[in-house]
Amino acid sequence: MLILSVHLKNIKSHRDTELAFSPGINVLSGPNGVGKSTVFEAIGYALFGVDARDFVSNVDRFLTIGAKRGEISVTFQTGSGETWQASRTVGTPAKWLLAKESGGMFEVEEHSRIEETEARVAELLGLDNGRPLAEQFKLVIGPFQNEFLGPFIIKQPTKRQEAFDEILGIDAWRKTYKGTSALLTAVQEKMKILTVEVTAKQEQLAVLPERESALQTLKTDLSGRELLLKEKAAALAALNRQLEELDSRQKTINALSTEMQILEERVKEGGGKITDQRLRVDEAHAAQKIIEASKAGKEAFERAEEQLKLLRERDQQRRGLEQAIAGLEKESARLTQALGHERAEIEIVAKQLLEEDARLAAASLAARPDPKLVETAAGLPGLRLELEQQRAARSLLEGRRESLLEGKEKLAGGICPFFQEECRNIAGSAPRDVFSVRTTDLERRMKELNTRIEELALLVKEAESAEQELKARSIRLQEIDKQSAAVAERRKMHLERSAGLEKLAAQQATAVETARTRKADLQVFAELDAQIERAEQERLQHQTARDAFNAALKDAQDCDNRNQLLEKMLKLLEELKQQVVAKQAELSLLKEGYQPELHLQARQSKDLHVAETATLRQQITGLGKDRTRLENELIQLQKIKVEIDGRLAEIKAFEEKEKLVKFLRNHVFKNVSAQLSERFREEISLRADRIYRTIAEADEELYWGDNYQIVLRDMAEGVIRERSDDQLSGGQTMSAVVALRLALLQTIGSRIAFFDEPTSNLDVSRRENLAYAFRAIDVGREEVTEHWYDQLFLISHDVAFTEITDQTLQLGE
């Protein structure tokens, strides 16, 4: 896995910074405050999902002063060779996007939640071990500068153990032991609650025999009342049958009386209708006479109406012809005007095209580049390459000069620059100046390089100006080509327009001839207005006869129907009179067999039986509800009995769980964390010891002891000596921490790591040895450790790392 580049926009001191990294060791160097640590923080934020508030107290302080929004993009390559880019914004709203390179472009992978993005990144980095990416970065992969020593120097053993258990991911067993204490308490409390519930339900179950006895008594009373209800119902049914017969006779009498009244009303109403119908028959006879008198006038009116219809159709034809002639004359005038305008326009466009051709030819000649300009621009890549090489050589010489000056300063004080102690070789005598010649030679070479760099910078500037001029001329020529193509297109349209001029002239002549022909056709309609006037006068003369004929026609045609209806009405009136006589006889016969007093007595007896029956039904319903209530109470009591049995079974199950939890707490969780800690410490100690020996160049064994205490073992006067904590110097502690952190990174499987000022508190010798250790790891030296990482990122001012780094990035230039 490789981080290819990082791009910071509006992040602290970085307005717009992009850095490219190489495989192996990358060293970030530069003066304090230039933003070296910010680069590490940005990678942790965008690639590992670290919260910005872990770096600063307020998210706004993570942004460049004055900026409202920032963005970080990290491009990386997975072990399978795929290239991805993780982008994360700073500010509201914050977005974390993951995109895959495809065809030179990055396509964003859709994720509905930020947790999905984090899981996907962890999978691509090979760190999907169940722990959050941010924790892995902060604790092991890239601890902050002020937390590098972190948990290693915690004095309290318990707190130090908790910190490293969390880093190694084995704190879950210890936390589980503590967490199961609450579980055990919860189980015991649940058993107490169940016991109380069982006691309360047993008290409720004590009334069960009393409720069973009351239910049996109620069932006996209910049976007796149901038997009495059946007797009352039988008597009521007999009364209902008697009443139905009397009600039927009464309804029949009332129905006949109503029918009699209806028939008498119909007879009376029929006499009036017959009188009206006789009047309508007389009206029909009078209408027939009017029809005979006005028939001739009506026929004459219809003949005039038909003639007038034909004349008006011809009038419509004449008007259509007049409109067509007007349209043709208007079109002829329009075509004449368009023909003149088109000829003038064609002449103007032809002149413009000639002028455009001359202008474009002159502009094309002026925009062509001369050979000298092309030659100057072609040398720009070579000049840039040489300038970068000269600058790199100058940076290397500057690093060597700074190392010599530091050694000279220390040697002048009589202190050995390698062992940090008084030099015995020059004891009692003035120190020799062994650095001045080498320093002077380096300064001379740097001066020569500076002179060459200035010359190359001027040449690059001239070549860049030539290149920009070539690009500008190329753009001008492209624009001239576009304008020439546009002129050619206009010339083509001009020729097509000229060809259409003859067609327009032919259309104008055709329109004039057509208008003349149509005017000749209009003479056919010269007498049409007089013919229409005569036909209208004739129609008006016979209109009165036509109106009288139409008004009387309906009554005359209905004469026979009116006579037939009158005869039918007279016959129906006679039948109604006969029905009235028959109904009167039938009503008299029914009234002889009906007694109203007997009918009233039967109704009163029925009402009494209905009231008694309703009372019995209400009593039975009440008793039924009481029975249902008691039965439900018995069902609930039976359920309570079942619940008691269930609660007793639960109490027994919880007693078994209590035994299991106690066993797991006392025999499993309490011991697993310590066993895992011992195994990890042994494995890490073996790797860290080999690294430490390379850094310190001392016959000391580094061992990670109980409670994660740093222990150094050596032989003093034939006896094994162990030193830890305050017995160690700052350099020894820092060397041990660096070795342990490298071993930790290898153990968790991270292919990259970040070190911010790892050489602080180390003397020159240990810094050089640390650099050697990093390079030895990088090339896979077995005496140090196997090559387990793809990239290391370091922030350092130390010259020792200049020789071993794969790439040095100088910030602040």
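So the values come out like this:
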item: Proximal lysines to Lys492, defined as alpha-carbon separation beneath 21 angstrom and excluding residues fewer than eight positions away on the same chain; result: Lys351, Lys482, Lys503
item: Lysine pairs in region 61-187 with Cα atoms under 19 Å, if 8 or more residues apart or on separate chains; result: 4
item: Accessible area per residue in Å² at 1.4 Å probe, computed on region 428-584; result: 73 Å²
item: From the coordinates shown, percent of Cα pairs over 34 Å apart corresponds to which of (i) 51; (ii) 79; (iii) 59; result: (ii)
item: In degrees, nearest ten, helix 730-748 long axis to first principal axis of the chain (Cα); result: 40 degrees
item: List Phe106, Phe663, Phe680, Phe62, ordered by accessible area with a 1.4 Å probe, largest first; result: Phe663, Phe106, Phe680, Phe62
item: Computed magnitude of the charge dipole of region 44-104 (debye, nearest 20; Cβ of K, R +1, Cβ of D, E -1); result: 220 debye
item: Using alpha-carbon coordinates, inclination of helix 436-521 to the longest axis of the chain, degrees; result: 20 degrees
item: Helix-only mean residue ellipticity at 222 nm for the chain, each DSSP H run of n ≥ 4 adding -39500 (n - 2.57), per residue, nearest 500; result: -25000 deg cm²/dmol
item: Dipole of region 1-157, positive end: most advanced residue of Val6, Phe40, Leu125 [Cβ charges, Cα centre]; result: Phe40
item: Dipole magnitude of the chain, debye to nearest 20 (Cβ charges: Lys/Arg +1, Asp/Glu -1, about Cα centre); result: 1620 debye
item: Heavy-atom SASA rank of Trp84, Trp96 (probe 1.4 Å, accessible area, largest first); result: Trp96, Trp84
item: FRET E, pair Ser724, Gln675, Förster distance 35 Å, beta-carbon r, rounded to 0.05; result: 0.95
item: Asn254-Ala611 FRET efficiency (beta carbon distance; Förster radius 35 Å; 0.05 resolution); result: 0.80
item: Dipole in debye (nearest 20) - region 116-238, about Cα centre, beta carbon charges: Lys, Arg +1; Asp, Glu -1; result: 320 debye
item: Rounded to 5, the percent of DSSP beta bridges in the chain classed as antiparallel; result: 75 percent
item: Ordering of 288-301, 266-279 by burial proxy (mean other Cβ atoms within 10 Å per residue, highest first); result: 288-301, 266-279
item: Packing rank of 351-361, 727-737, where each peptide gets the mean count of other beta carbons within 10 Å, highest leading; result: 727-737, 351-361
item: Peptide ranges 530-538, 161-169 listed from the most packed, as the mean C-beta count within 10 angstrom indicates; result: 161-169, 530-538
item: Residue-level accessible surface for Lys577, protein heavy atoms, 1.4 Å, Å²; result: 100 Å²
item: Rounded FRET efficiency, nearest 0.05, which uses the C-beta distance separating Glu107 from Lys492 and R0 of 41 Å; result: 0.40
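The values are calculated or read from the model by the stated rules, or taken from the named source; none is laboratory data. Since we're looking at a predicted model, the values are computed, not measured. Neighbour counts are summed over all protein chains in view; Cβ atoms, including those assigned to glycine, are modelled from backbone coordinates with ideal geometry. Note: areas computed on protein heavy atoms with side chains; ligands, DNA, RNA excluded. Shrake-Rupley method; radii C 1.70, N 1.55, O 1.52, S 1.80 Å.
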